[in-house]
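Working notes, structure below.
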Amino acid sequence: MDNNHFSKKVTAASLLIALGIIYGDIGTSPLYVLKAIIGDRPISEVLVYGGVSCIFWTLAIQTTVKYIWLTLQADNQGEGGIFSLYAIVKRYSKKLVIPAILGATTLLADGIITPPISVASAIEGLANVNGLENIFTPGANLTIGLVILILSTLFFFQRFGTHNVGRAFGPVMAIWFLTLFILGINQIYHFPLVIKALNPYYAYQMLVSYPKGFWLLGAVFLCTTGAEALYSDLGHCGKQNIRTTWIFVKIALVANYLGQSAWLLHNGGEFLQGKNPFYEIMPDWFLIPGILIATLATIIASQALISGSYTLISEAMNLNFWPRVAVRQPSESKGQMYIPSVNTLLWIGCILMILYFKSSEHMEAAYGFSITITMMMTTILLSYFLLYVKKWNKIVILCLLCLFAIVETSFFIANVAKIKERWMFLFFELGIFMVMYIWFNARKINNKMVKFVELGKYSSLLTELSQDDNIPKFSTHLIYLTKANKRHEIEDKITKSIFSKKPKRADVYWFLHIERTNEPYTLTYDISELIDDKVIKVTINIGFRIYPRTELYFKKIVQDLVANKELNLHIRPDGSSKYNNQADFKFVVIEKFLSVENEFAIREGLLLNAYFWLKKMGQSDEAAFGLDKSDVAVEHVPLVYQPITHIDLKRNEKH
Amino acid sequence: MKNIDTSAILYEKYFSLTNREIKITLKSGKIIDGEIVGFTYKDTSNKQIAFWHFQPMHSNYFIDFDNSRQTTDIIIPHKEIVSVYFYEDNSICYFTNE
């Protein structure tokens, strides 16, 4: 994956890559959407044409207008996704943190239902093969077992990266969409009148006249799940590639939906009776290759969801929405990452989904709710973007907002009806939301208690300490990580760490500040020498998409300074230099814990206790900042936020 | 005026001084002489200073090296400050906070 995300030229190769990355979820929707709409209802023209019409206009309004045209404009230095959008607009309102967290939570939650529903829909197609009808029925143990096997294999191989197999994604998806198109066109050719289903009148008729027609929107919505991926993966493919490939994808999807509707009206009989119109429009001789291609497409869709979840959590960590967890780079390919804890969480979630729901039909009922919320949250953030960044006319924004509000609220209401099918999901989503909420808000409370002092006040003391040979040397170069981004300030706790009890003597004191930028790929640094070769402040500016390798960057900076003769490595001869005349570098990391001497208000107490518990479960500071353990000294400091003000302690009188 | 960070103005002015004795007038009417010894931000993403740690004149500044939490500085919310008088150049900053 190359670094240059701004100029994504449109080439055959780039279009193929976009096909492989972006459209897995939305592209595999034909496997279950119409089946979900028809369900066990009598097949009628109103229902079939109405369903297809709703699908078409949902793809037009929700996907084409909202995502392809509008949302893709909201790129943050070429990157997309809900957190990228939040990073652009957060300065305009503090309250935008709530839609950001909610949108990310539901997007992540969706990552545990998309893989099982997609793969199950594909595998259940084997029931259409002669001889396998009674073996791979939906809900059968063998079907469930095969789905679990495929998913488990997929999750297992995440640690090795997808750079090798990823090259095949584009061609496989191209074949998939061609398959959709040809199967659809074949039916349309025989029954061309189905094209009239594109008339919005049929959508209106179904919603208004068909019994409980409005509630069918819950199933209709499944056709547009995956639209968010068009935006999330913007950075991988570029706007033009996405817009160009969408033309082909949409035509293929619509052709297939129309083809399925043609079959339903002319061959479907009175009831569907468990059949899947997607497989019914396949010629018998094509069934097995078709199922194979479908299975591959769903695996690619699942892979895209998994990769997207890693990216989401990585961005959440960098924006202080998620506790630090281990992130690995499974290949040299920039942008590829693997988060073991998220991988395990998703894997367990997916397995539980398939075991609980057993078939794709039951999962359809639970699917979609989360994504309606994600889309609504994106709409809120997008409106701020259009208003404050693009500076569009307020009336235009209001009209667009009303349009999307009507559409998305309708989908939301229709999906809420399915909430009883997905109660366990709600706990999962609540859990993710609480983690993000607690982490973000507790950090704010925590940060309010961080006292900064003027570094200059301690300069003479530092110089004295550094030259005091009566104090044993702690290290040649002593480095503290500081949140202070102004040149002359550092945290009070750092001065306490240097001067307390056993003062830490060093030849050079470094204060290293990591500034996470709102741009995704920044990597620069600034140097400020407060006392020449004695007290040095360094600010490293790191983009929010980059995993910080602090020690590596620091050593590079030192090398640069030595090479430019701006720094003397200060290998002063003393006892230790007899054995080793290399300069040593030591990082000091200050880990805080809640002191028992606190008396909290309920909300603060709960938040802070939960925060410190999450911190313990997550990654340590030294690992998070890419510090090698051997060069790190960890100090534990008690934190007192609300000191106990009254202690009823009395002295016993002597008798 | 709403979007101007007045705490940054005070910060820049104060830390450019040699003689850092100042007189702060608070909304409550209280007037204190002393020095700023530290400050706290609203949060790390918002770089506005929310509180000033102020050491009143004629009290010995105690550096709490041992985390004994026995300090003599007082914490002043920035939004409570009405004005700051700088002894070095006899200038006054008025803060018409929101």
How long are the semi-axes of the ellipsoid equivalent to the protein assembly as shown, from square roots of 5 times the Cα gyration tensor eigenvalues, in whole Å, largest first? 58, 28, 24
Distance cut-off 13 Å, percentage of C-alpha pairs in the range A:226-270 lying past it: 65
Sorted by chain and number, the residues with a modelled amide H under 5 Å from that of A:Glu635, at a separation of 5 or more or across chains, are A:Val589, A:Ile590, A:Glu591
Identify all lysines with a Cα-Cα distance to A:Lys358 below 20 Å; exclude those on the same chain that are fewer than 8 residues away in sequence. A:Lys35, A:Lys275, A:Lys418, A:Lys420
Write down Rg/Rh for the range A:337-460, rounded to two decimals, with Rg from the C-alpha atoms and Rh from the Kirkwood relation over Cα pairs. 1.16
Pairs beyond 24 Å (Cα-Cα), from A:Lys90/A:Lys448; A:Lys448/A:Lys496; A:Lys444/A:Lys501; A:Lys486/A:Lys615: A:Lys444/A:Lys501; A:Lys486/A:Lys615
Mind grabbing the base-10 log of I(q)/I(0) for the range A:425-576 at q = 0.16 Å⁻¹? Debye formula, identical points on the C-alpha positions, no solvent, two decimal places. -0.97
Taking the Cα centroid of the range A:368-435 and of the range A:513-551, what is the distance between the two, rounded to the nearest whole Å? 36
Which of the pairs A:Lys95/A:Lys239; A:Lys534/A:Lys565; B:Lys30/B:Lys79 have their Cα atoms more than 21 Å apart in this structure? A:Lys95/A:Lys239
Give me A:Thr298, A:Thr244, A:Thr71 ranked fewest to most by other Cβ atoms within 10 Å of their Cβ, as a rough exposure proxy. A:Thr244, A:Thr71, A:Thr298
Based on the alpha-carbon gyration tensor of the range A:90-137, what equivalent-ellipsoid semi-axes (square roots of 5 times the eigenvalues) come out, in whole Å, largest first? 44, 7, 5
Pairwise centroid distance, computed over Cα atoms, of the range A:161-204 with the range A:99-134, Å: 18
Least to most buried among A:Tyr202, A:Tyr437, A:Tyr257 (fewest other Cβ within 10 Å first): A:Tyr437, A:Tyr202, A:Tyr257
Can you run the Rg to Rh ratio on the range A:45-101? Use alpha carbon positions and the Kirkwood inverse-distance Rh. 1.21
Taking only Cα atoms of the range A:107-204, radius of gyration then Dmax in Å: 18.1, 51
Any aspartates and glutamates with Cα under 12 Å of the A:Lys196 Cα? List them, leaving off those in the same chain fewer than 8 positions away. A:Glu45
Distance between the C-alpha centers of the range A:48-90 and the range A:305-319? Whole Å please. 19
Partner chain coverage, peptide A:526-536 - average Cβ within 10 angstrom: 0
Among A:Met376, A:Met424, what is the fewest-to-most ranking by other Cβ atoms within 10 Å? A:Met424, A:Met376
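FYI, it's all coordinate maths here, none of it is from the lab. Computed from a predicted structure; not experimentally measured. Virtual Cβ from ideal backbone geometry, glycine too; neighbours counted across all protein chains shown.
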